[in-house]
1. Determine, for each peptide in 205-211, 157-163, the mean count of other beta carbons within 10 angstrom over its residues, then list the peptides with the highest first.
2. Test of understanding: in a Gaussian network model of the chain with alpha carbons linked when under 10 Å, which of ASP332, ASP107, ASP307 would top the mean-square fluctuation ranking?
3. By how many degrees, between 0 and 90 and to the nearest 10, does the Cα long axis of helix 282-291 differ from the longest principal axis of the chain?
4. Using the basic label-point model (7 angstrom from Cα toward the beta carbon), what is the ASP256 to LYS56 distance in nanometres?
5. Enter the Cα centre distance for the pair the range 137-175 and the range 252-285, rounded to the nearest angstrom.
6. Provide the FRET efficiency to the nearest 0.05 for the GLU359-MET313 pair, computing r from the beta carbons and using R0 = 41 Å.
7. How much net charge surrounds GLY106 when only other residues with a Cβ under 15 Å from its Cβ are counted (Lys, Arg +1; Asp, Glu -1)?
8. Hey, what number do you get for the chain at 222 nm if only DSSP H runs of n ≥ 4 count, each worth -39500 (n - 2.57), divided across all residues, to the nearest 500?
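Readers should treat all values here as calculations from the given coordinates under stated rules, not as data from a laboratory. No experiment lies behind these values; they were computed from the predicted model shown. Backbone-built Cβ (ideal geometry, glycine too); neighbour counts: all protein chains shown.
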Amino acid sequence: MSSCLCNPFQSIFSSNSKYSEVSESSESKMTQKNPSFVLQAPRSVIYEDRPIPKLKSPYDVIVKPRWTGICGSDVHYWVEGRIGHFVVESPMVLGHESAGVISTVGDKVQSLKVGDRVAMEPGVPCRRCVRCKEGKYNLCADMAFAATPPFDGTLARYYSLPEDYCYKLPDDMSLEEGALIEPTSVAVHITRQASVKPGDSVVVFGAGPVGLLCCAVAKAYGATKVVTVDINEERLQFALKYAATAAFRSRKESPDESAKRLIQECDLGPGADVIIDASGAEVCIQTAIHALRMGGTYVQGGMGKPDINFPIMAMCTKELNVKGSFRYGSGDYQTAVDMVSTGRVSVKELITDKVKFDEAENAFRDVKAGKGIKILIEGPTE
């Protein structure tokens, strides 16, 4: 996905670049009305006062984001300034994995009140197109998604959303857990695409946050065998303690050989019922197709290179069900809230660090370096 960017961006920042603006005093940020963490160019961010959002509809609310998780897409925008055809062409507020507190409600809002704690679904569709009307609003061509150009994200003091894209958190769920509802919803959508059912054997390539959550959701849906696959031994051991029932260590070998070893070592019989790729790595995708049983299901959840070599003959002769998965759709966010609130899926273990708002860029560096699993950024102080 990486490629060169044209002006106005600089390719990399130096000690005398905009980075110095990130370190402006806490006292200065305290006086801002809507302090926001803004990407100006690749690897160049500043804290900037933005206008407090206004209610565009009587059905809208304004939320104060209290905790925001860092997603791989956020880091990619920070490093490259683009993801595929989504290019940052003007300064953009980062962040989209958030939970917060309602500060203002529109005249016609009925389900929420000021002070309610909510998980924030960061993508608002047009609601009018064919895809929206058939219930697949995540495929809406006019989606306004937080921190996806040209739309600002949630790393700010205030953020506006429609009432029905805010999900009230139960009293026993923390706002930190609420911030992890977004990646949990991604895992819910992927697992629904796979139609995981009780008794299934499920293999998940990639033990990052989404891969780990796919293991947990698949287990909650009744999968009896959940295999995690990665090259990182520390991540594999975490996955085994978290939700996986078996672990498979990738190594340098052909996809066909790796698939045979996976089936044998993990006792998958004729092959796995379901395989989810949450890595985006070409070799993982190829191995997955070879490791599925006849008539099995494959879901692509991770994003890697735009084009890869794909074992289409194996896909055809096995008559596999091959699906993509993009964000989350109708019912996924509420399902994620319900799963976490009832204890069927736990997300607390994934939170490996929490930082203050003025330490946001350091958190981005740590995520890029592969430190921890999920780092949360606290919202601006009053």
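1. Most protected by this proxy first, the peptides run 205-211, 157-163.
2. Between ASP332, ASP107, ASP307, it is ASP307 that shows the largest mean-square fluctuation.
3. 40
4. For the pair ASP256/LYS56, the computed spacing is 5.3 nm.
5. 35
6. 0.20
7. Taking every Cβ under 15 Å from that of GLY106, the sum is -1.
8. -7500 deg cm²/dmol
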